[in-house]
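Single-structure report; data block below.
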Amino acid sequence: MENTLEWGMAWIIALQEAMGSPFMDTVFEAITFTGEELFYLLFVPSLFWALDHRIGTRVGFAFLISAYVNPILKDLWSEPRPFEIDPTLTELRTPGSGMPSGHAQSSVFVWGTLAWQVGRGWFWGLAILWMLLVGFSRVYLAQHFPHQVVAGWIVGAILLALFILIDPRFEKWMVQRPLVQQLAISIGVPLLLALAYPHNDTVASAAVMCGFGSGFVLMRQYCPYSAKGLWWQRVLRTIIGLAGLLTLYIGFSLIAPAQGEISESLYYAIRFLRYGILGLWISLGAPWFFNLLAPIRQPKTQLEPE
């Protein structure tokens, strides 16, 4: 392992010496932002509200599953990041251990899921290129060693393959369940996941799963929603939806107690509630609100059949 870290450190130093500049720093920081929680918080709802709610749902769950699995693997391997060994490599300080790269893992799982849904060869090419760029940015910015990025790609590919295999069967089985059972599964499974491995990231991702999944079930039953519409309707829905989402996200972060100020169990319970409401807004609250606004809603005759 020590030899691997030494080789990775030499690779990062050589890369920065060959390519390093303020301009390239900005470029790769922009690329690496597409692997951050905030980016997915903006990107997934936009897909759901403005492109296709089914695609948005699958891409959203891909990210949430990856966000749940990654911190568990990081705790299992517990490897240092490059800047922890040599702080002069970068001023960026990403928390948590480095193995495997969460950015690389999520980029493969999320963009692979989106490419699977689009179903076009050219989009697969763009998706794979972006996966490589995200991973490369993590090495250039000294947030991960090369082998940690490769490990992230491998984990992401395994999760993607399992998701493509299981999701269509699970979805078909799920829609055949009575509404009460669908809600019980949508709420119960994420709750068990949060209890099984309480951690800031796992609780947050499980909570969004809970709100997002249960909201989707209720949306399909009581306020069917379609993302179809004229371009300006899609844009306006997205702006309104993101404004509500960011208001909730920022508002909760300002009033919620910090970790250590209250008991751990209460802290995680509040965190679960906070992120659960965000998920509920994406799949139920915003679509319900859109359906109330005549200028941006779709006529009921044009709603996609469930």
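The values are calculated or read from the model by the stated rules, or taken from the named source; none is laboratory data. Because the structure is predicted, anything quoted here is derived from the model rather than measured. FYI the Cβ positions are ideal-geometry reconstructions off the backbone, even for glycines, and counts take in every protein chain you see. Each accessible area value is taken on the protein alone, full model and side chains, heavy atoms only, with ligands, DNA and RNA left out. Shrake-Rupley method; radii C 1.70, N 1.55, O 1.52, S 1.80 Å.
This table checks each residue for (1) in contact with a helix residue (DSSP H, G or I) (Cβ under 8 Å, 6 or more places away or on another chain); (2) surrounded by 11 or more Cβ atoms within 10 Å (Cβ to Cβ); (3) of a type in the set (A, V, I, L, M, F, W, C).
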site: Leu236; (1), (2), (3): no, yes, yes
site: Leu248; (1), (2), (3): yes, yes, yes
site: Ile270; (1), (2), (3): no, yes, yes
site: Arg274; (1), (2), (3): yes, yes, no
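Please go through the range 158-200 and pick out each residue that is modelled with pLDDT under 95 and among the polar types (S, T, N, Q). Across the range 158-200, the qualifying residues are Gln176, Asn200. Consider the range 76-93 and keep the residues that are crowded, with 18+ Cβ neighbours inside 10 Å and farther than 22 Å from Ile158 by Cα. The one that is farthest from the chain's Cα centre (by Cα) is Leu89. Quick one: how many residues across the range 1-29 are of a type in the set (Ser, Thr, Tyr) and loosely packed, with under 12 Cβ neighbours inside 10 Å? The total comes to 2.
Would you confirm whether or not the range 115-129 contains a residue that is open to solvent by 20 Å² or more (accessible area, probe 1.4 Å), within 17 Å of the chain's Cα centre (by Cα) and under 28 Å from Pro80 (Cα atoms)? No, every residue in the range 115-129 fails to be open to solvent by 20 Å² or more (accessible area, probe 1.4 Å), within 17 Å of the chain's Cα centre (by Cα) and under 28 Å from Pro80 (Cα atoms).
Can we say Leu218 is surrounded by fewer than 15 Cβ atoms within 10 Å (Cβ to Cβ) and of a type in the set (A, V, I, L, M, F, W, C)? No, not satisfied.
Would you confirm, using the coordinates I've provided, whether Glu29 is touching a helix residue (DSSP H, G or I) at 6+ places or on another chain (Cβ under 9 Å), assigned to a helix (DSSP H, G or I), among the acidic types (Asp, Glu) and farther than 30 Å from Gln233 by Cβ? Here the answer is yes, as Glu29 does meet what is asked. For Pro71, the test of being over 25 Å from Ala227 (Cα atoms) and in a loop (DSSP other than H, G, I, E, B) is failed.
Selection of the range 249-278 for residues being over 16 Å from Leu38 (Cα atoms) and among the charged types (D, E, K, R) yields Glu261, Glu264, Arg271.
Evaluated against (1) in a helix (DSSP H, G or I); (2) loosely packed, with under 15 Cβ neighbours inside 10 Å, Gln148 falls short on exactly one condition, (2).
Restricting the range 32-70 to residues that are touching a Lys or Arg at 6+ places or on another chain (Cβ under 9 Å) and among the aliphatic types (A, V, I, L, M), the residue that is most open to solvent (accessible area, probe 1.4 Å) is Leu51. Of the residues contained in the range 93-103, one or more are found to be closer than 26 Å to Trp7 by Cα and in a helix (DSSP H, G or I). For Pro100, state whether it is open to solvent by less than 40 Å² (accessible area, probe 1.4 Å), at pLDDT 90 or above and not small (Gly, Ala, Ser). It is true that Pro100 is open to solvent by less than 40 Å² (accessible area, probe 1.4 Å), at pLDDT 90 or above and not small (Gly, Ala, Ser). Checking each residue in the range 154-172 for being buried (at least 20 other Cβ atoms within 10 Å of the Cβ), under 19 Å from Ser101 (Cα atoms) and out of contact with any Gly (no Cβ under 6 Å at 6 or more places or on another chain) picks out Val155, Gly156, Leu159.
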